[in-house]
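Peer 1: Supplied in structure tokens, the structure appears directly below.
The values are calculated or read from the model by the stated rules, or taken from the named source; none is laboratory data. Source: prediction; values computed, not measured. Cβ atoms come from the backbone with ideal geometry, glycine included; neighbour counts cover every protein chain shown. All accessible areas refer to the heavy atoms of the entire protein, side chains included, with ligands and DNA or RNA removed. Shrake-Rupley method; radii C 1.70, N 1.55, O 1.52, S 1.80 Å.
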Amino acid sequence: MSQCLISTVGTSLLGNIKNPQRNPDAITDFGKFLAARPQDASAEANAITRLAAPGDTLVFLHSDTEDGERCAALLAEYFAALGHPVRRERIAGLSYHEKGFVSHGLRSLVRLLAGEIRTARRAGQQPLLNATGGFKAEIAYATAVGLMFGVPVCYIHERFGDVVTLPASPVGWDYSLIAWHRDFFDWLDEEPRPTVRVQERLAALPDSVALLVEDAPDGFSYLSPLGEAYLEAFRGQPDLRRPLRLSPSALRTLDTLDFSTRSAYLGLLERLRHGGPGDWQRSSELVRGDVYKFPKGRSVQRAFVREDEDGLWVLELCGHEDERRYQSLIQGIRAQAYDGANFTALP
């Protein structure tokens, strides 16, 4: 299997041409310098010449600066001449401006890396991240993305003779926070949201959700770079959730709830549908026939559920916030009453 080597790009080439130890022949043309002494000329080329096999695709991710673009263009030209398919991509917002670097640039980097990894895998290639070049924070987040996506990450300093490779992580990441509150994360990721509105929604969610959100000086809130990496990695996971459908009554209940209560019920439904057939029953209590209430124990919100070979069927959503209705369902709910109802699948 061929590789797709995705490299962050710094500006070591611009400094090394002035260094007599790196450029003893005092070559003044950058392209000629790179061709004559690739491992001395550029930290990125030093790594790539050791990592890339003939025919491997090379993708250069450069900062939103003239220097970054220039170095990426020179690297692309050199490796294209060696027969590699090459592409260059600009990381929007990743520049020397402090505000844009954090609030926009690092998120752009994470999203671009995630997209390139998916593109490589769809093309039947093995992605490999070369995090040798670029800003220190850029290298750190490239490494984090590699770990989350199960992609090896390589690094070499100009003075090192060997490539250091961090192998694909065997650790399984816990994406339950995203899964349980995916409606909030999808909403926040769709477009810039005013900080006031975001804070209103966060007030109804666990504190851990707020750790993945940051308020920007422009009056809007965004996923933090770590939150962006977490969400992108979650989206890249195979969907192992059980099919789940809501009765007309359960759907009406969900549609009439305030944001806080609705979010709590959506989180409950996401927990319900994770795992294999019957897994949820260990956290449920049988009510009548094959109808269970989920979860058991001390919980304000409950779902009344049955399961068959086609998935999960949510008959009603009701908890102790409506104690009279809740007790009525406990006493009288029957699966037969929902036969022929037009259930709606939860996305």
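Peer 1: As an exercise: evaluate N19 against (1) within 21 Å of L109 (Cβ to Cβ); (2) of a type outside the set (A, V, I, L, M, F, W, C); (3) open to solvent by less than 60 Å² (accessible area, probe 1.4 Å); (4) free of Cβ contacts under 8 Å to residues at least 12 places away in the same chain and give the number of the one condition it does not meet.
Peer 2: (1)
Peer 1: Another question about this same structure. Would the stretch 82-97 turn up any residue that is within 26 Å of D162 (Cβ to Cβ), of a type in the set (F, W, Y) and free of Cβ contacts under 8 Å to residues at least 60 places away in the same chain?
Peer 2: No, because not a single residue in the stretch 82-97 is within 26 Å of D162 (Cβ to Cβ), of a type in the set (F, W, Y) and free of Cβ contacts under 8 Å to residues at least 60 places away in the same chain.
Peer 1: Applying the selection to the stretch 204-213, what residues are outside any helix (DSSP H, G or I) and surrounded by 18 or more Cβ atoms within 10 Å (Cβ to Cβ)?
Peer 2: The answer is L205, L212, V213.
Peer 1: Of all residues in the stretch 251-269, how many are more than 20 Å from S283 (Cα to Cα) and among the hydrophobic types (A, V, I, L, M, F, W, C)?
Peer 2: So the answer is 4.
Peer 1: Looking at R242, is it at pLDDT below 85 and touching a strand residue (DSSP E or B) at 6+ places or on another chain (Cβ under 7 Å)?
Peer 2: Criteria met by R242.
Peer 1: Can you name the residue in the stretch 215-248 that is part of a loop (DSSP other than H, G, I, E, B) and under 23 Å from A120 (Cα atoms) and is also most open to solvent (accessible area, probe 1.4 Å) among such residues?
Peer 2: This residue is L240.
Peer 1: Which condition breaks for I6 when tested against (1) touching a strand residue (DSSP E or B) at 6+ places or on another chain (Cβ under 6 Å); (2) farther than 18 Å from L82 by Cβ?
Peer 2: (2)
Peer 1: Pull out all pairs, ordered by first then second residue, where Cβ-Cβ is under 8 Å, the residues are six or more apart or on different chains, the first lies in the stretch 322-336 and is touching a residue at least 24 places away in the same chain (Cβ under 8 Å), and the second is small (G, A, S) and loosely packed, with under 13 Cβ neighbours inside 10 Å.
Peer 2: That search, which allows pairs on different chains as well, returns R334/G289; A335/G289.
Peer 1: Please enumerate the residues belonging to the stretch 189-203 that are basic (K, R) and not in a helix (DSSP H, G or I).
Peer 2: Listed by number, the list holds a single entry, R193.
Peer 1: Could you identify the single residue in E316, E321, E307, E285 that is at pLDDT below 90 and not β-branched (V, I, T)?
Peer 2: E321
Peer 1: Which pairs have Cβ atoms under 7 Å, sit 6 or more apart or on different chains, and link a residue in the stretch 121-147 that is acidic (D, E) to one that is open to solvent by less than 40 Å² (accessible area, probe 1.4 Å) and assigned to a loop (DSSP other than H, G, I, E, B)?
Peer 2: Here the result reads E138/L94, each pair linking the stretch 121-147 to a residue that is open to solvent by less than 40 Å² (accessible area, probe 1.4 Å) and assigned to a loop (DSSP other than H, G, I, E, B).
Peer 1: Out of the residues in the stretch 36-54 that are buried (at least 16 other Cβ atoms within 10 Å of the Cβ), free of Cβ contacts under 8 Å to residues at least 60 places away in the same chain and among the aliphatic types (A, V, I, L, M), state the one that is nearest to A72 (Cα to Cα).
Peer 2: A45
Peer 1: Hey, which of the strands (runs of 3 or more DSSP E) in the stretch 268-347, taking only ones fully inside, have at least 2 residues that are under 30 Å from the mean Cα position of the chain (by Cα) and surrounded by 15 or more Cβ atoms within 10 Å (Cβ to Cβ)?
Peer 2: Correct list: 311-317.
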